[in-house]
Amino acid sequence: MQSHPPAAPGRLTLAEYIHGIRSGNTPVLSRAITLMESQRPTDQALAEALVEALLPFSGHAFRLAITGVPGVGKSTFIEALGQHVTNVAGKKIAVLTIDPSSQRTHGSILGDKTRMDTLTRNPRAFIRPSASGEALNGVAHGTREAMVLCEAAGYEVIVIETVGIGQLEAGVRSMVDFFILLLLAGAGDELQGIKKGILEMADALVLTKADGDNLSRIRQAKTDLLHALHLFPLPDSGWKVPVLTTSALTGEGIADVWQQAEHYRAHTQRSGFFDLQREHQAEAWFAEAVQRLIYEQINRSANLKQQQEQMNALVKSKKLSAPSAARQLMKNVYPHDRE
């Protein structure tokens, strides 16, 4: 009989976490996600057992990512979309919002929940803010695991709001089924700067704040984007990326975004691309887990940590290249491996 790790003081047992999540208890779900983010070895063991137990109940939700530069209105857009998904489409939605952590203090404001006040009070919605920490792909440590928990809790739509840091957000593409890029009209050089990095990854381009005096700039920006899309080859999904306009304040265009997402899901399920993409998501999850374990192994060992610092000093003094230093460190991590 397989034994499960005991719960640390202040933590629920594995059975209590499972029962709470499966019954839709949102406080338990929140506590479980906190468990996923913990760096304590006992918490990590319990979190791993929890994900393993709930994995058979996951995978049914539609996974979306929403990204864009700061100021584009991600939180306002997500709140409007969430209200449509719950009140019109009749689905339960979980929103995992990622706040950028300070590289100096490692703190995070975690203000997204306060910016989605209406959706926060919606009984069919769950909003969980997390700090990005040291993650370089625009999402937080444990985001994939949090998605599994939310799906096991019965949420049919999972939305990840990323930090909006540019090309480093490519990592989120490997987590979701549908990738929405929010854009500002008249962004000029900022818009040009993100085209090569993210534009080709998007499944829908959405121009926000299409109201008032901004309408003429919106129309011009839409024309420019449609021309730009002609320069890109058709994606592997065979999906023609739409350019949509929305106003989260008036609600205009929000239904169109959801309709396009649903059309994409149906299109890719018919072609088999949807299942193939899910397989790629699982492969990326495994690759990230391996990298994380190697990183943790180095940091847990005083000897390896010292060697890492020595290699770092050699790289900074230009006595050794970064790839060579990394390879040498890995030889010390796994001394019995032969090339």
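So here's what we get for this one:
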read-out	value
Leu234 being of a type in the set (A, V, I, L, M), loosely packed, with under 15 Cβ neighbours inside 10 Å, under 28 Å from Leu119 (Cα atoms) and assigned by TED's automatic domain parsing to the domain that holds Leu182	no
Per-region count, the stretch 6-29, residues loosely packed, with under 15 Cβ neighbours inside 10 Å and under 23 Å from the mean Cα position of the chain (by Cα)	2
Tally, over the stretch 204-228, of residues that are buried (at least 18 other Cβ atoms within 10 Å of the Cβ) and either of a type in the set (Lys, Arg) or free of Cβ contacts under 8 Å to residues at least 24 places away in the same chain (or both)	2
Whichever residue in the stretch 37-46 is out of contact with any strand residue (DSSP E or B) (no Cβ under 9 Å at 6 or more places or on another chain) and in a helix (DSSP H, G or I) and, among such residues, is surrounded by the fewest Cβ atoms within 10 Å (Cβ to Cβ)	Pro41
Residue satisfying all of: in the stretch 81-98; within 18 Å of Glu156 (Cβ to Cβ), of a type in the set (A, V, I, L, M) and crowded, with 23+ Cβ neighbours inside 10 Å; modelled with the lowest pLDDT among these	Leu96
Checklist (1) among the hydrophobic types (A, V, I, L, M, F, W, C); (2) surrounded by 14 or more Cβ atoms within 10 Å (Cβ to Cβ); (3) assigned by TED's automatic domain parsing to the domain that holds Met175 applied to Leu304, failing item	(3)
Considering residues of the stretch 195-244 that are among the β-branched types (Val, Ile, Thr) and assigned to a strand (DSSP E or B) only, the residue nearest to the chain's Cα centre (by Cα)	Val206
Residue within the stretch 116-132 that is at pLDDT below 80, under 25 Å from Gln260 (Cβ atoms) and among the aliphatic types (A, V, I, L, M) present	no
Hits in the stretch 152-188 (condition: acidic (Asp, Glu), at pLDDT 85 or above and touching a helix residue (DSSP H, G or I) at 6+ places or on another chain (Cβ under 8 Å))	Glu161, Asp177
Search result, residues across the stretch 47-86 that are in contact with a Phe, Trp or Tyr (Cβ under 8 Å, 6 or more places away or on another chain) and in a helix (DSSP H, G or I)	Leu50, Leu81, His84, Val85
Candidates Ile18, Ile33 - the one that is modelled with pLDDT under 95, closer than 30 Å to Asp275 by Cβ and assigned to a helix (DSSP H, G or I)	Ile33
Test: residue in the stretch 259-275 that is loosely packed, with under 15 Cβ neighbours inside 10 Å, among the small types (Gly, Ala, Ser) and touching a residue at least 24 places away in the same chain (Cβ under 8 Å)	yes
Close pairs from the stretch 281-292: first under 18 Å from Ala65 (Cβ atoms), partner in a helix (DSSP H, G or I), Cβ under 7 Å, at least 6 apart	Trp285/Arg144
Failed item in (1) touching a residue at least 12 places away in the same chain (Cβ under 8 Å); (2) assigned by TED's automatic domain parsing to the domain that holds Leu225; (3) not small (Gly, Ala, Ser), with Asn312 passing the rest	(2)
Residue count for the stretch 311-328, restricted to those that are surrounded by fewer than 14 Cβ atoms within 10 Å (Cβ to Cβ) and more than 30 Å from the chain's Cα centre (by Cα)	7
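The values are calculated or read from the model by the stated rules, or taken from the named source; none is laboratory data. Here the structure is a predicted model, which is why all the values come from computation and not from measurement. Here the Cβ is made from the backbone with ideal geometry for all residues, glycine too, and neighbour counts use every protein chain on show.
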